[in-house]
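Visitor: The following block contains the structure, expressed as structure tokens.
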Amino acid sequence: MTYNSLNEEQLMIMELASDFSKNEILPEAQGHDRTSKFPVKIIRKLAELGFLGHYIPQEYGGSGLDFLSYIIAIEEISAACASTGTIVMAHNSLACSPINEFGNEEQKIKYLPDLATGKKIGCFALSEPESGSDAASINTTAVKNGKEYILNGTKSWVTNGAEADVAIVFTKTEKSKKSRGITAFIVDLNTPGISVGKSEKKLGIKATSTTQFIFEDARVPESSLLAKEGEGFKIAMKTLDSGRIAVASQAVGISQAALDASVEYSRERKTFGSPIIEHQGIQFMIAEMATKVEAARLLTWQAAGLRDKNLRFTKQSAMAKLFAAETAMWVTTKAIQIHGAIGYSTDYPVERYFRDAKITEIYEGTSEIQKIVIAKQTLSEYL
Ligand code: CAA
């Protein structure tokens with residue numbers, strides 16, 4: 001999968017996302033980072049362009065595009081503003097996607113048109129204060145009571161938590177069973193007994209909301225069960241397999257923005273009588289940055305291409321996320337180094353890229369979790 005192999009539709013989405021990101025998102029990005037305000041107007045416009053239901057079939061109100069073009073759009077959006085990229089990713093990959101993949105017809109008709117057109121915002125509630133990497137150890141319970149389930153517990157680190165109308169919520173229906181005792185629900189967040197808890201103050205992606213949800217005897221109808229009881233863990237893992245490709249693409253976008261800024265700055269800045277771009281020390285950094293960005297993008301596109309072909313992509317998705325996230329940290333560190341003192345100042349965007357890059361090594365599974373997944377998949381190929 002290379003640039004040459006992109007089809008006309010994918011190139012068109014790249015151009016659309018790139019133009020919109022440069023003209024509408026980028027000018028607002030520093031401001032949204034400083035004020036930590038959710039970019040309401042931009043999200044509305046992205047919805048009008050079809051980016052909030054990117055790969056949801058048109059019959060459910062989505063754009064009906066392929067996964068690779070979604071990944072390309074996420075890179076362009078995140079290069080301008082990683083916060084906006086995160087909001088769009090959490091909505092598409094973690095809320096729309098599991099409903100589309102695992103929901104029944106009634107659930108798709110009920111939820112997807114409003115989500116895909118941005119009338120409603122979605123989120124994914126898996127992590128808890130005591131359960132992050134060990135996703136099977138969640139404690140939120142769902143107890144069947146007639147035609148309802150009663151939910152109790154606390155969810156944390158929910159992206160879009162403050163704005164969301166609908167959440168995919170993972171619960172334990174059978175405590176003794178660990179991963180096989182996990183059950184997923186599509187939950188309307190205006191259900192009595194659900195409140196938004198602590199809102200996290202973060203290092204980066206500041207214009208996103210990241211909150212807790214508290215469930216206190218929240219009664220949800222039986223019809224909100226996503227797939228069957230006990231199938232929630234596999235739904236979470238499959239959803240994250242896809243979501244991780246989008247995180248990788250976000251990391252590529254941040255890295256590309258840091259590389260672009262570094263080239264631009266080093267052409268202007270002079271030391272020892274010449275622009276610093278003429279110094280070999282700077283050129284070597286640029287060369288390594290460009291190589292890593294390209295490699296990360298190719299791994300990411302490869303994983304997306306496998307998903308579009310309905311082939312297994314768990315390993316490739318984890319590899320793309322691991323490599324692209326580490327690339328983003330490395331490239332943004334070098335970008336600050338190239339800018340020198342000015343790179344450390346909030347007057348220039350590279351410090352934002354550096355802060356935003358860090359989350360890609362953490363959310364939707366840390367780099368260490370990606371290594372666990374890659375090792376498991378790789379070793380199984382030797383059996
Ligand atoms: N696809 C399908 N099935 C899968 C799977 C996958 N990718 N991964 C595991 N499974 C299945 C296994 O086959 C196994 O099935 P059986 O019971 O039939 O044998 C079952 O799930 C249990 O698998 P494991 O024994 O491998 O599970 P584990 O408890 O050892 O955990 C893990 C594996 C990879 C470490 C997993 O816990 C994990 O991914 N942890 C990280 C969680 C994570 O990414 N959290 C981030 C949450 S979202 C977020 O960041 C917030 C946000 O809003 C952005």
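The values are calculated or read from the model by the stated rules, or taken from the named source; none is laboratory data. Values in this document were obtained by computation on a predicted structure and should not be read as measured data. Here the Cβ positions follow ideal geometry from the backbone for every residue, glycine too, while neighbour counts run over all protein chains shown. Heavy atoms of the whole protein, side chains included, go into the accessibility calculation; ligands, DNA and RNA do not. Shrake-Rupley method; radii C 1.70, N 1.55, O 1.52, S 1.80 Å.
Visitor: Under 5 Å between amide hydrogens, which residues at least 5 positions from Leu226 or on another chain qualify, with H placed 1.01 Å from N in the peptide plane?
Guide: Here the answer is Ala184, Phe185, Ile186, since their amide H atoms fall under 5 Å of that of Leu226.
Visitor: In a GNM of the chain with a 10 Å cut-off on Cα contacts, which of Thr239, Thr154, Thr346 has the highest mean-square fluctuation?
Guide: Top of the fluctuation ranking is Thr346.
Visitor: While we're looking at this one, here's another question. Amide H to amide H, which residues 5 or more places from Lys120 or on other chains are under 5 Å from it, using H placed in the peptide plane?
Guide: Sorted by chain and number, the residues that satisfy this are Leu115.
Visitor: What FRET efficiency would be calculated for the residue pair Lys202, Lys144, taking the C-beta separation as r and a Förster radius of 30 Å, to the nearest 0.05?
Guide: The value I calculate is 0.25.
Visitor: While we're looking at this one, here's another question. Collect residues whose amide H, placed 1.01 Å from N in the peptide plane, falls under 5 Å from the amide H of Leu189; neighbours closer than 5 in sequence don't count.
Guide: Val166, Ala167
Visitor: Normalising by the residue count of region 3-116, find the relative contact order in percent from Cα pairs under 8 Å and 6+ residues apart.
Guide: Computed over region 3-116, the figure is 30 percent.
Visitor: Further, regarding this structure: Taking the Cα centre of the chain as origin and charging only Cβ (+1 Lys, Arg; -1 Asp, Glu), how large is the dipole, in debye to the nearest 20?
Guide: Charge dipole, the chain, about its Cα centre: 840 debye, nearest 20.
Visitor: Please report the relative contact order for the chain, taking Cα pairs under 8 Å with a sequence separation of at least 6, and give it as a percent rounded to a whole number.
Guide: That works out to 16 percent.
Visitor: In the chain, with Lys and Arg counted as +1 and Asp and Glu as -1 at Cβ, which of these residues, Leu259, Gly31, Trp330, has the Cα nearest the positive end of the dipole, that is, farthest along it?
Guide: Highest projection toward the positive end goes to Trp330.
Visitor: Let me ask another. Just in region 284-383: which GluC sites (Glu not before Pro) are loop by DSSP and have at most 10 other Cβ atoms within 10 Å?
Guide: Counting only loop positions with at most 10 other Cβ atoms within 10 Å, the GluC sites (Glu not before Pro) in region 284-383 are Glu381.
Visitor: Among Trp301, Trp330, what's the order by accessible area (1.4 angstrom probe), most exposed first?
Guide: Trp330, Trp301
Visitor: Rounded to the nearest 0.05, what FRET efficiency is calculated for Gln280 and Ser195 with R0 set to 51 Å and r the Cβ-Cβ distance?
Guide: 0.30
Visitor: Sort Phe51, Phe38 by heavy-atom solvent-accessible area, probe 1.4 angstrom, most to least.
Guide: Output order, biggest surface exposure first: Phe38, Phe51.
Visitor: Here's another thing I want to ask about it. Each residue of region 211-226 in turn: what ³J(HN,Hα) in whole Hz from Karplus with 6.51, -1.76, 1.60 and θ = phi - 60°, glycine and Pro shown as x?
Guide: In residue order, the calculated couplings are 10, 9, 10, 10, 10, 10, 6, 7, 9, 10, x, 3, 5, 8, 5, 9 Hz.
Visitor: Which three extents, in angstrom, do the Cα atoms of region 233-380 have along their principal axes, listed largest first?
Guide: 59, 25, 25
Visitor: Further question: Please list Ser5, Ser93 from largest to smallest accessible area, probe radius 1.4 Å, with all protein chains kept in place.
Guide: Ser5, Ser93
Visitor: Please give the charge dipole size of region 1-154, origin at the Cα centre, charges +1 on K and R Cβ atoms and -1 on D and E Cβ atoms. Round to the nearest 20 debye.
Guide: Around 600 debye, computed over region 1-154.
Visitor: Over all directions, the average projected area of the alpha-carbon convex hull for the chain comes to how many nm²?
Guide: The number I arrive at for the chain is 19.4 nm².
Visitor: Can you pull a Stokes-Einstein diffusion coefficient for region 3-116 at 10 °C (1.306 mPa s), Rh from Kirkwood over Cα pairs, as a whole number of µm²/s?
Guide: Answer, rounded: 110 µm²/s.
Visitor: Given just the C-alpha atoms of region 150-286, how large is their convex hull per residue in cubic angstrom?
Guide: Here the figure is 146 Å³ per residue.
Visitor: Once Lys and Arg get +1 and Asp and Glu get -1 on their Cβ, which of Thr154, Gly132, Val196 lies farthest toward the positive end of the dipole of region 122-230?
Guide: In region 122-230, that residue is Gly132.
Visitor: Then there's this: By how many nm would the segment from Ser367 to Arg312 grow when fully extended, if each residue of separation counts as 0.36 nm and the alpha-carbon distance is taken off?
Guide: Result for the pair: 17.8 nm of gain on full extension.
Visitor: Under a point spin-label approximation (7 Å from Cα along Cα-to-Cβ), what is the Glu216-Ala290 distance to one decimal in nm?
Guide: 5.9
Visitor: Quick one: if you take sqrt(5λ) for each eigenvalue of the C-alpha gyration tensor of region 122-230, what semi-axes come out, biggest first, whole angstrom?
Guide: Calculated on Cα positions only, the semi-axes equal 23, 16, 11 Å.
Visitor: Over region 242-329, give the accessible area per residue in Å² for a 1.4 Å probe, as an integer.
Guide: Ligands and nucleic acids excluded, the figure is 42 Å² per residue.
Visitor: What do the square roots of 5 times the Cα gyration tensor eigenvalues come to for region 275-319, in whole Å, largest first, as semi-axes of the equivalent ellipsoid?
Guide: 34, 8, 4
Visitor: Placing unit charges on C-beta atoms (Lys and Arg positive, Asp and Glu negative, everything else neutral), compute the dipole magnitude of region 122-230 about its Cα centre in debye, rounded to 20.
Guide: Computed about the Cα centre, the dipole is about 280 debye.
Visitor: Taking 0.36 nm per residue of sequence separation and subtracting the Cα-Cα distance, how much length would be gained by fully extending the chain between Asn152 and Tyr3, in nm to one decimal?
Guide: 48.8 nm
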